[in-house]
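Take a look at the structure set out below.
The values are calculated or read from the model by the stated rules, or taken from the named source; none is laboratory data. Here the structure is a predicted model, which means the values were calculated and not measured. Methodologically, a virtual Cβ is constructed for each residue, glycine included, from the backbone with ideal geometry; neighbour enumeration extends over all protein chains shown.
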Amino acid sequence: MTGRHDAVILAAGGSRRLGRPKQLLTRDGETLAGRVSRLVASTQPGKTIAIVGAYAEHLCGRLNGALPVFNPDWTTGMASSLHLAADALAGRDGPVLVVVVDQLALDEVHLERLLREHDGTQDTVTAYGDAAGVPAVLRARTLARAVTLQGDSGFRALWTGHDVHRVRNDALAQDLDTEDDVARAVAAGLLDRQ
């Protein structure tokens, strides 16, 4: 898929429930923002943007070549970041890999599988448990529809059953929202002791 896709890293959140920036937690000495941007870079996208907000000044030097785009409205929810991503990639017609920073089980193998299975007829999403979401490979027209989203709505609001191809990875259901999540991740060796 070299150069045939673009990528978006969603990293603007304020980690309100955690009470500290999850983007700056480390795994093997590497920040989570740095780790996910390195994983994305391994897929060789044509253009990579990282939507930053709450901790922008701490993130910009840790994005492995991703272009930071500041979201001044990050407190309003994910939709504002998706609007900026759509604006930043307007006019580009290839698929778009979308990731977040707090899925500790994410690896290059899963990203490559998503890209490999994406045939352009529908969005290719990660399935975990009963849900489906990011990481995902979106058609350019799906990303363009982000302007219709509001608040904390993500792309799930745009998908119906026939709009997506699901690639199962139940390990990606676990993310970081609370100190208990952090403690479990440290115990599992997925995060450094902070």
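Residue pairs whose Cβ atoms lie under 7 Å apart, separated by 6 or more positions or on different chains, with the first residue in the range 80-103 and farther than 20 Å from residue 60 by Cβ and of a type in the set (Lys, Arg) and the second assigned to a strand (DSSP E or B) and modelled with pLDDT of 90 or more, are 92/6. The helices (runs of 4 or more DSSP H) falling completely within the range 103-194 that include 3 or more residues that are more than 30 Å from residue 75 (Cβ to Cβ) map to 108-117.
Of all the criteria given as (1) assigned to a loop (DSSP other than H, G, I, E, B); (2) free of Cβ contacts under 8 Å to residues at least 60 places away in the same chain; (3) in contact with a helix residue (DSSP H, G or I) (Cβ under 7 Å, 6 or more places away or on another chain); (4) within 30 Å of residue 120 (Cβ to Cβ), the one not satisfied by residue 50 is (1). Of the residues in the range 83-90, at least one is in contact with a helix residue (DSSP H, G or I) (Cβ under 6 Å, 6 or more places away or on another chain), surrounded by fewer than 23 Cβ atoms within 10 Å (Cβ to Cβ), outside any loop (DSSP other than H, G, I, E, B) and of a type outside the set (Lys, Arg). Restricting attention to the range 105-124, the residues being hydroxyl-bearing (Ser, Thr, Tyr) and touching a strand residue (DSSP E or B) at 6+ places or on another chain (Cβ under 6 Å) number 1. Among the residues of the range 5-23, is any in contact with a Lys or Arg (Cβ under 7 Å, 6 or more places away or on another chain) and part of a loop (DSSP other than H, G, I, E, B)? The answer is yes; a qualifying residue exists.
Of the residues making up the range 17-71, those that are hydrophobic (A, V, I, L, M, F, W, C), out of contact with any strand residue (DSSP E or B) (no Cβ under 6 Å at 6 or more places or on another chain) and within 15 Å of residue 99 (Cα to Cα) are 32, 39, 41. Among the residues of the range 53-69, those identified as buried (at least 16 other Cβ atoms within 10 Å of the Cβ) and in a strand (DSSP E or B) are 68, 69. Restricting attention to the range 126-172, the residues that are touching a strand residue (DSSP E or B) at 6+ places or on another chain (Cβ under 8 Å) and of a type outside the set (S, T, N, Q) total 25.
Taking the range 95-117 as the range and being in contact with an Asp or Glu (Cβ under 6 Å, 6 or more places away or on another chain) and either of a type in the set (Phe, Trp, Tyr) or at pLDDT below 95 (or both) as the test, the residues that pass are 102, 103. Taking every residue in the range 17-46 that is surrounded by 15 or more Cβ atoms within 10 Å (Cβ to Cβ) and pairing it with any residue that is part of a helix (DSSP H, G or I) and among the acidic types (Asp, Glu), at least 6 positions away or on another chain, the pairs with Cβ-Cβ distances below 6 Å are 39/108. The residue that is modelled with the highest pLDDT, counting only those in the range 118-170 that are of a type in the set (S, T, N, Q) and surrounded by fewer than 20 Cβ atoms within 10 Å (Cβ to Cβ), is 169.
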